[in-house]
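Notes for the one structure printed next.
The values are calculated or read from the model by the stated rules, or taken from the named source; none is laboratory data. If you're wondering where the values come from, they're calculated on a predicted model, not measured in any experiment. Because the Cβ atoms are built from the backbone with ideal geometry, glycine has one as well, and the counts that use them run over all protein chains shown.
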């Protein structure tokens, strides 16, 4: 299926790549870590210590990018593996909490609780499309004090066995995630268990801080795949232009991938960025506006041109409301994302301009995924011959209710249908899509048995008790 928006031509892709080489070679990046700058200089980069700027000659950049693997493997605690960048691209990423949760009862935003962490983690665990999961480093309202983030992390890890995309916000957080990876691996060598990847942020424009340099080096040295968090904002941290923001996103992802190869040749690094535009009245970044769609299309094309595994956002809407705007924006994003056939999709369950989510939206996004998969399948014209025979057999003025072709194809998936959609037109007061998604969520979480092995649960429990104790807080949280 072709995308609904015009793609870049080969000459345009070449133009963007050449402009990227020019910026990386002549403008460069500010890299805030002395040790990493030293390694860059040794690899052939031009380094200005006074300004902490690293520039990569075009030839060196090309050599480094050629070392990025085109695929890498994720695993879960049961040993099941998924190849990201392989022939199967039905992989989804879920974040189980955000700064805001869209409450089902009030249908308004509120801050997350431990119950939200548990319920959303269970949903992500039970959705077969979800290959890997993230937990944002954000406190919950029902645990006070410095242990709040830790208790949220513990609740999350006790309820799923899938691959983790760690999003550390400090060196201490990264070390904590490494220890958690060791516990989950149960004796398998750190990194080689393939149970965890690491998100590494770039500060637009063109800055890799000392912390993010440490995270990048730590991820590469421990054989953990790197997921760039690149979020240029047109009009504030990026030029006020669709094309220029696309260029900056490409520069920042490419530079990070190249640095990863300097640290460790062959280090897995995915391609993807989440550009947005600033509302010039409020300077708020609009992440889920329709401007995201052309950026998604071009980012997949550019990532493919570098031979890197590519991810793209699968949905999202500007508003937190479960309304027409959310539905229209969400299904349009999903339709375009699916047509691009990236290696994986991000953002399942996300809405409210990328700062809010709900378990119901996680389920609704999987429904939309089924919708767009059906739409992209088109019509199988092999059935034309059978149809012609059926029409000849029945003739004029009759019906096809008991025809042989009807009986043959009745349950063969010829037509789209979903148990979540109301086909009554509302006449029978059937439950809405949202109500059905909520009912499914409740079914998922009731009587849930954790897939995490008992030994891992015990080890995680001891680990978090020690971590919380070191923060000097009482462990009065509920689990």
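Out of the residues in segment 151-173 that are more than 18 Å from residue 132 (Cα to Cα) and surrounded by fewer than 22 Cβ atoms within 10 Å (Cβ to Cβ), state the one that is nearest to the chain's Cα centre (by Cα). Break it down stepwise before answering.
First, pick out the residues of segment 151-173 that are more than 18 Å from residue 132 (Cα to Cα): 151, 169-173.
Filter once more, keeping what is surrounded by fewer than 22 Cβ atoms within 10 Å (Cβ to Cβ): 169-173.
Working: 169: 18, 170: 21, 171: 23, 172: 24, 173: 20 Å.
Within segment 151-173, the match that is nearest to the chain's Cα centre (by Cα) is 169.
Considering each residue of segment 16-57, count those that are touching a residue at least 24 places away in the same chain (Cβ under 8 Å) and either in the same structural domain as residue 217 (by TED's automatic domain parsing) or surrounded by 15 or more Cβ atoms within 10 Å (Cβ to Cβ) (or both), and give that number.
24
Do we find a residue being in contact with a helix residue (DSSP H, G or I) (Cβ under 9 Å, 6 or more places away or on another chain) and part of a loop (DSSP other than H, G, I, E, B) anywhere in segment 255-265? Steps first, please.
So in segment 255-265, the residues in contact with a helix residue (DSSP H, G or I) (Cβ under 9 Å, 6 or more places away or on another chain) come out as 255-265.
Retained after the next criterion (residues that are part of a loop (DSSP other than H, G, I, E, B)): 264-265.
Within segment 255-265, one or more residues are in contact with a helix residue (DSSP H, G or I) (Cβ under 9 Å, 6 or more places away or on another chain) and part of a loop (DSSP other than H, G, I, E, B).
Can you tell me which residue is surrounded by the most Cβ atoms within 10 Å (Cβ to Cβ) among those in segment 266-280 that are in contact with a helix residue (DSSP H, G or I) (Cβ under 8 Å, 6 or more places away or on another chain) and more than 29 Å from residue 86 (Cβ to Cβ)?
276
Can you name every residue in segment 330-363 that is surrounded by fewer than 24 Cβ atoms within 10 Å (Cβ to Cβ), out of contact with any strand residue (DSSP E or B) (no Cβ under 9 Å at 6 or more places or on another chain) and over 22 Å from residue 74 (Cβ atoms)?
Correct list: 331, 332, 335, 339.
For segment 188-235, which residues satisfy the criterion of being part of a loop (DSSP other than H, G, I, E, B), more than 20 Å from the chain's Cα centre (by Cα) and farther than 20 Å from residue 81 by Cα?
205, 206, 209, 235
Identify, from the list 283, 251, 233, the residue that is over 24 Å from residue 193 (Cα atoms), crowded, with 24+ Cβ neighbours inside 10 Å and either out of contact with any helix residue (DSSP H, G or I) (no Cβ under 6 Å at 6 or more places or on another chain) or in the same structural domain as residue 360 (by TED's automatic domain parsing) (or both).
Details: 283 fails: crowded, with 24+ Cβ neighbours inside 10 Å; 233 fails: crowded, with 24+ Cβ neighbours inside 10 Å.
Only one candidate qualifies: 251.
Within the bounds of segment 305-318, is there any residue that is surrounded by fewer than 23 Cβ atoms within 10 Å (Cβ to Cβ), part of a helix (DSSP H, G or I) and either in contact with a strand residue (DSSP E or B) (Cβ under 9 Å, 6 or more places away or on another chain) or free of Cβ contacts under 8 Å to residues at least 12 places away in the same chain (or both)?
Looking only at segment 305-318, we keep the residues that are surrounded by fewer than 23 Cβ atoms within 10 Å (Cβ to Cβ), and these are 305-307, 318.
Right, trim to part of a helix (DSSP H, G or I) and you get 305.
Right, trim to either in contact with a strand residue (DSSP E or B) (Cβ under 9 Å, 6 or more places away or on another chain) or free of Cβ contacts under 8 Å to residues at least 12 places away in the same chain (or both) and you get none.
No, segment 305-318 contains no residue that is surrounded by fewer than 23 Cβ atoms within 10 Å (Cβ to Cβ), part of a helix (DSSP H, G or I) and either in contact with a strand residue (DSSP E or B) (Cβ under 9 Å, 6 or more places away or on another chain) or free of Cβ contacts under 8 Å to residues at least 12 places away in the same chain (or both).
Which numbered condition trips up residue 243, out of (1) within 23 Å of residue 62 (Cα to Cα); (2) in contact (Cβ under 8 Å) with a residue 40 or more places away in the chain?
(2)
On the basis of being surrounded by fewer than 20 Cβ atoms within 10 Å (Cβ to Cβ), in the same structural domain as residue 242 (by TED's automatic domain parsing), under 23 Å from residue 82 (Cα atoms) and in contact (Cβ under 8 Å) with a residue 40 or more places away in the chain, does residue 299 make the cut? It would help to see each step written out before you state the result.
Numbers: surrounded by fewer than 20 Cβ atoms within 10 Å (Cβ to Cβ): no; in the same structural domain as residue 242 (by TED's automatic domain parsing): yes; under 23 Å from residue 82 (Cα atoms): yes; in contact (Cβ under 8 Å) with a residue 40 or more places away in the chain: yes.
The answer is no for residue 299.
Run down 287, 271 and say which single residue is modelled with pLDDT of 95 or more and in contact with a strand residue (DSSP E or B) (Cβ under 9 Å, 6 or more places away or on another chain). Before the answer, list the steps.
On the way: 287 fails: modelled with pLDDT of 95 or more.
On inspection, the qualifying residue turns out to be 271.
Would you tally the residues in segment 319-355 being touching a helix residue (DSSP H, G or I) at 6+ places or on another chain (Cβ under 7 Å) and assigned to a loop (DSSP other than H, G, I, E, B)?
Counting residues in segment 319-355 that are touching a helix residue (DSSP H, G or I) at 6+ places or on another chain (Cβ under 7 Å) and assigned to a loop (DSSP other than H, G, I, E, B) gives 5.
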